[in-house]
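Trainee: After the structure tokens below, expect a handful of questions from me.
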Amino acid sequence: MDIQQIKNFLILCDTLNYRKAAGQINIVQPALSRQIQLLEGEIGALLFNRSKRTVTLTEAGVFFRKEADRILQDLDKTITRTAQIHHGEAGEVRITHASSAMNTVVPSFLVKVKNKWPNLKTIAQETSNFEQIEMLLTRKADIGVAPNIMLPPEMNSKTLYRENYVLILPSGHPLAKAKTVDLAVLKNETFILPQVSTGVGYVEAILQICQGFGFKPNVAHESAHAMGVLRLVEAGLGISIEPVSSVRGADMNIRLIELKNIPQKAAMVLFWLREREEELSRFIEMF
């Protein structure tokens, strides 16, 4: 089995016609038929159902097509990145981040990268904790930055900083003029938080704060992004708790009370795949 065989198999998958596929590949039809037969023999599975009129993929063929396409894409990425490393760091680095990280560490990282490698493209994408993990596992991103994230064993991390949480209230809330708040009085309030399933680790930390004051928050609205949370609070639809950095620079009709006296802190975490640590070390060291 070689790369060209796999590419020819994928062309036949697209056309489901030996004559058309052979024409695209620029070989005679019997040669393509022989290649596919050899491929099936090597794999030990029938990849196509053949009749006089139609060619269709078998269940095994559908699976092999998906995996073969992924393998060729990974190979192309590997070849491209190898050349980039040899020729001076052209290419791209992809970072996923929480909204609060864009208010703190992400911009300075992007500036450092631009200054050191002017030809390197940087892609920064704001998304939920859950989606960040998925993107790193599938290699759609290189590094992630998120608060209080719970990571799978395939990943390594380092804590960049810890900060206080802040209580976010509508400006007309009865507690808006208070300087400090006993959080126990919030037990009957309506909360706006991310979904537990998407805010992996982050939401659990906020739930732990509330439970420490004897109540479970009544979550009536959910938003994965800090700006969405702030807008909902401003509209009077509830209250929320966020890291201080999430509200930095927010010019909105809301009241912020920093929670300095609780033990829980928001820990901003940089994380990456363990197996890529050496490859990504020059970026990790920039944080």
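Trainee: Quick one: which of I149, I123, I71, I95 is of a type outside the set (D, E, K, R), assigned to a loop (DSSP other than H, G, I, E, B) and in contact (Cβ under 8 Å) with a residue 24 or more places away in the chain?
Mentor: Being of a type outside the set (D, E, K, R), assigned to a loop (DSSP other than H, G, I, E, B) and in contact (Cβ under 8 Å) with a residue 24 or more places away in the chain holds for just one of I149, I123, I71, I95, which is I149.
Trainee: Of all residues in segment 178-198, count the ones that are of a type outside the set (S, T, Y), in a loop (DSSP other than H, G, I, E, B) and touching a residue at least 12 places away in the same chain (Cβ under 8 Å).
Mentor: Count: 9.
Trainee: Next up: Across segment 34-44, which residue is farthest from C13 (Cα to Cα) among those that are open to solvent by less than 30 Å² (accessible area, probe 1.4 Å) and touching a residue at least 12 places away in the same chain (Cβ under 8 Å)?
Mentor: L39
Trainee: Taking interchain pairs and intrachain pairs at least six residues apart, which have beta carbon atoms under 8 angstrom, with the first residue in segment 204-223 and closer than 21 Å to F130 by Cβ and of a type in the set (V, I, T) and the second modelled with pLDDT of 90 or more and assigned to a helix (DSSP H, G or I)?
Mentor: Qualifying pairs under 8 Å: I209/L183.
Trainee: A further question on this structure: Just name the residue that is nearest to L259 (Cα to Cα) out of those in segment 159-182 that are open to solvent by less than 40 Å² (accessible area, probe 1.4 Å) and β-branched (V, I, T).
Mentor: Checking each candidate, the answer is V166.
Trainee: Being of a type in the set (A, V, I, L, M) and open to solvent by 30 Å² or more (accessible area, probe 1.4 Å) narrows it down to one residue among V196, V203; which is it?
Mentor: V196
Trainee: So for segment 236-249 (the condition being open to solvent by less than 60 Å² (accessible area, probe 1.4 Å), out of contact with any Pro (no Cβ under 9 Å at 6 or more places or on another chain) and over 18 Å from K187 (Cα atoms)), does at least one residue qualify?
Mentor: yes
Trainee: Yes or no: E285 among the acidic types (D, E), over 18 Å from Y161 (Cα atoms) and open to solvent by 20 Å² or more (accessible area, probe 1.4 Å)?
Mentor: Against the criterion (among the acidic types (D, E), over 18 Å from Y161 (Cα atoms) and open to solvent by 20 Å² or more (accessible area, probe 1.4 Å)), E285 does not qualify.
Trainee: Would you please name the residue that is surrounded by the fewest Cβ atoms within 10 Å (Cβ to Cβ), looking only at residues in segment 99-133 that are within 23 Å of P243 (Cβ to Cβ) and hydroxyl-bearing (S, T, Y)?
Mentor: Result: S108.
Trainee: Is it the case that segment 51-67 has a residue that's open to solvent by less than 30 Å² (accessible area, probe 1.4 Å), over 30 Å from A224 (Cα atoms), among the aliphatic types (A, V, I, L, M) and part of a helix (DSSP H, G or I)?
Mentor: No, segment 51-67 contains no residue that is open to solvent by less than 30 Å² (accessible area, probe 1.4 Å), over 30 Å from A224 (Cα atoms), among the aliphatic types (A, V, I, L, M) and part of a helix (DSSP H, G or I).
The values are calculated or read from the model by the stated rules, or taken from the named source; none is laboratory data. All of these numbers come straight from a predicted model, not from anything done at the bench. FYI the Cβ positions are ideal-geometry reconstructions off the backbone, even for glycines, and counts take in every protein chain you see. Side chains are part of the model used for accessible areas, which takes the heavy atoms of the whole protein and leaves out ligands, DNA and RNA. Shrake-Rupley method; radii C 1.70, N 1.55, O 1.52, S 1.80 Å.
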